[in-house]
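Enquirer: Structure in structure tokens, see below.
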Amino acid sequence: MEKMKKIQIKLSQLKRLLVPAVLFVLLCILASFAAKQNKSQTCKKVLINITDEEEYQFQNKKDILKAVNDNGSILIKGKKIENIDLLSIEKRLQKNPFVKKAQAYMDMKGQLKVEVSQRVPVMRVINPAREGYYLDMEGKRMPLSSSFAAFVPLATPSYMELQVQEKDSVLKIMDSSLFVLSQYMQQDSFARALTGQIIIEPNNEFTLIPRLGNFKIFIGDVSDLDDKFTRLKSFYKTSLPQAGWDSYSRISLKYKNQIIANR
């Protein structure tokens, strides 16, 4: 009797081990079969989702679909799923200067789903070489768009002459400084709300045109921005209300621990 009980216990333990294993194998077979069946199907539809289309309209769904179809050289809808190169579609989309990230995948209904996020501009620039572009959140240039203008601070030069031999290095340093300034403005609500326009001065220095007031704010270079805007905030709270908003033509924050206000 004891031997029979031991055999029954072992058989019960074996069943507990075998049943999940058999179910797993069956699921793998079914998944493999479904995948093969799916690949033999044709693409029923192309569904496009631009995740940030409410904030930015650099690209619309027609633009993305055109890129998916390689500017009309191929037609994804109706094509066999096994012949659709998802990686190539993603690479085509990511060549678009307005696209930050793209993902393409097939669902079980035979639909190609494409998700796209756009690059986010933080500043519009017209530089001394008369080039117009945006700087994005990574400090990289992105082109202007004929269909959409982003509401970001505008940086324009006070001068339009550059020596040919120094042009590239000057513009590279200028872009880097503008990016530092734009990053600070993204983080500081006072600086962001204050600034309507940025004037690019010689020697990689900058002047701000505030949204309110008829004066200019010279900040010098982009070092010690936190200290400079702390001083400016204090000036706005104490001195400006007493003297009047039209009392000054220029305020300089260039020198440490000083505010120089010219009438």
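We did not get these values from a lab; they are worked out from the coordinates using the rules stated. Keep in mind the model is a prediction, meaning the values are calculated, not measured. We place every Cβ from the backbone using ideal geometry, glycine too, and count neighbours over all the protein chains shown.
Enquirer: How many percent of DSSP beta bridges within the stretch 45-118 run antiparallel, rounded to 5?
Expert: Just about 55 percent of them are antiparallel.
Enquirer: For the stretch 45-118, just the Cα atoms, rotate onto the principal axes and tell me the three extents in Å, largest first.
Expert: 34, 24, 18
Enquirer: Could you tell me the calculated FRET efficiency between D70 and Q41, based on Cβ-Cβ distance and R0 = 22 angstrom, to the nearest 0.05?
Expert: The formula returns an efficiency of 0.55 here.
Enquirer: Using bins 10 angstrom wide from zero, how does P(r) for the stretch 121-262 break down, in % of all Cα pairs?
Expert: Taking all Cα pairs of the stretch 121-262, the binned fractions are 11, 42, 32, 13, 2 percent.
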